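*Asks:* Would you mind keeping the following structure in view while I ask a few things?
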Amino acid sequence: MRLIPWEELPADMRTEEVRPFYDLLAKKRGQLLVKRLVDICGSAVLLVLLSPVFAVLAIAIKVDSPGPVFYRQLRVTQYGKRFRIFKFRTMCDRADQIGSAVTVGNDARVTRVGKAIRRLRLDEISQLVDVFRGTMTFVGTRPEVPQYVDAYTPLMRATLLLPAGVTSMASITFKDEADILSFADNVDDAYIRSVLPRKMEFNLRDIESFSVSRDFSIMLKTVSAVFGETSCSGEADEQV
């Protein structure tokens with residue numbers, strides 16, 4: 001995982017707010033390399049092992065409702081680059097065109113099979129493809145849609161120094177985000193004003209404390225949180 005020279009960062013990231021985080025990561029280039037190697041090896045192995053699950057989910061999604069198997073929403077990753085994320089589709093086709101970019105509790109756009117996939121948190125495993133190709137990493141700030149990144153403060157842009165992640169301490173802490181937002185009159189506004197700043201506090205702390213060993217610790221906590229949630233019937237998801 002390469003940390004580009006400061007002078008090559010996008011102009012909106014070359015700020016005094018971002019500089020301390022950049023300097024911290026610059027001292028850990030060796031660990032960033034190991035992090036990328038873990039991403040490549042780990043995602044490759046898991047993609048092979050989980051290929052039967054991918055096949056079953058693809059068939060179930062196609063049989064249940066019209067539309068593609070994967071939902072390729074536009075997200076933002078390292079250095080503000082945009083990419084289309086791989087997520088198993090759990091909603092009706094083009095759900096983002098008929099509602100908020102954030103999923104709320106009991107969202108009517110979620111399909112029958114989609115509810116089961118979300119309950120088991122299986123919609124996220126397709127992001128192993130993104131991890132393998134380098135647009136994401138196992139542990140890092142969850143990738144936001146462009147409209148939310150546009151609302152970032154200068155300090156929040158420090159989270160774009162690393163690739164977007166499949167999981168993070170913020171993801172674990174706010175795993176019931178959909179239920180929280182279900183009470184908001186304007187979901188997008190509530191997310192930007194109330195939820196996003198709180199999540200970013202965790203994300204910025206993660207960058208300050210970055211280490212490969214801490215990444216493994218967060219991954220273990222994620223597994224524990226997911227299995228604990230599925231045994232209790234949670235359906236929360238961060239975004240469409």
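*Asks:* Considering only the stretch 80-104, state which residues are of a type in the set (Lys, Arg) and either over 16 Å from Arg142 (Cβ atoms) or at pLDDT below 90 (or both).
*Replies:* From the stretch 80-104, those of a type in the set (Lys, Arg) are 81-82, 84, 87, 89, 94; that's our starting set.
Arg89, Arg94, listed by residue number.
*Asks:* Return the total of residues in the stretch 15-57 being touching a strand residue (DSSP E or B) at 6+ places or on another chain (Cβ under 8 Å) and of a type in the set (A, V, I, L, M, F, W, C).
*Replies:* 2
Yes/no matrix, rows are residues, columns are (1) over 16 Å from Leu162 (Cα atoms); (2) open to solvent by 30 Å² or more (accessible area, probe 1.4 Å); (3) touching a Phe, Trp or Tyr at 6+ places or on another chain (Cβ under 7 Å); (4) in contact (Cβ under 8 Å) with a residue 60 or more places away in the chain:
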{"site": "Met1", "(1), (2), (3), (4)": "no, yes, no, yes"}
{"site": "Trp6", "(1), (2), (3), (4)": "no, yes, yes, no"}
{"site": "Arg14", "(1), (2), (3), (4)": "no, yes, yes, no"}
{"site": "Ile40", "(1), (2), (3), (4)": "no, yes, yes, yes"}
{"site": "Val45", "(1), (2), (3), (4)": "yes, yes, no, no"}
{"site": "Gln73", "(1), (2), (3), (4)": "yes, no, no, yes"}
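*Asks:* If you don't mind, another one. Please determine whether any residue of the stretch 110-120 is part of a loop (DSSP other than H, G, I, E, B) and touching a Cys at 6+ places or on another chain (Cβ under 9 Å).
*Replies:* Just the residues of the stretch 110-120 that are part of a loop (DSSP other than H, G, I, E, B), to begin with: 111, 120.
Then drop every residue that is not touching a Cys at 6+ places or on another chain (Cβ under 9 Å), which leaves 111.
Yes, that holds for at least one residue.
*Asks:* Further, regarding this structure: Name every residue in the stretch 147-176 that is farther than 20 Å from Arg133 by Cα and touching a strand residue (DSSP E or B) at 6+ places or on another chain (Cβ under 6 Å), in order of residue number.
*Replies:* Going through the stretch 147-176, the residues farther than 20 Å from Arg133 by Cα turn out to be 147-158, 169-176.
Scanning the stretch 147-176 gives a single hit, Val149.
*Asks:* Does at least one position in the stretch 132-146 carry a residue that is touching a strand residue (DSSP E or B) at 6+ places or on another chain (Cβ under 7 Å) and surrounded by fewer than 19 Cβ atoms within 10 Å (Cβ to Cβ)?
*Replies:* Just the residues of the stretch 132-146 that are touching a strand residue (DSSP E or B) at 6+ places or on another chain (Cβ under 7 Å), to begin with: 135-146.
Checking the rest, the ones that are also surrounded by fewer than 19 Cβ atoms within 10 Å (Cβ to Cβ) come to 146.
Yes - at least one qualifying residue is present in the stretch 132-146.
*Asks:* Among the helices (runs of 4 or more DSSP H) confined wholly to the stretch 1-82, which include 1 or more residues that are within 30 Å of Arg205 (Cα to Cα) and small (Gly, Ala, Ser)?
*Replies:* On the way: elements: 19-26, 29-49, 51-64.
The helices (runs of 4 or more DSSP H) meeting that bar are 19-26, 29-49.
The values are calculated or read from the model by the stated rules, or taken from the named source; none is laboratory data. All figures in this text were calculated on a predicted structure; none of them were measured in a lab. FYI the Cβ positions are ideal-geometry reconstructions off the backbone, even for glycines, and counts take in every protein chain you see. For the accessible areas, the whole protein counts, side chains as well, though only heavy atoms, and no ligand, DNA or RNA atoms are used. Shrake-Rupley method; radii C 1.70, N 1.55, O 1.52, S 1.80 Å.
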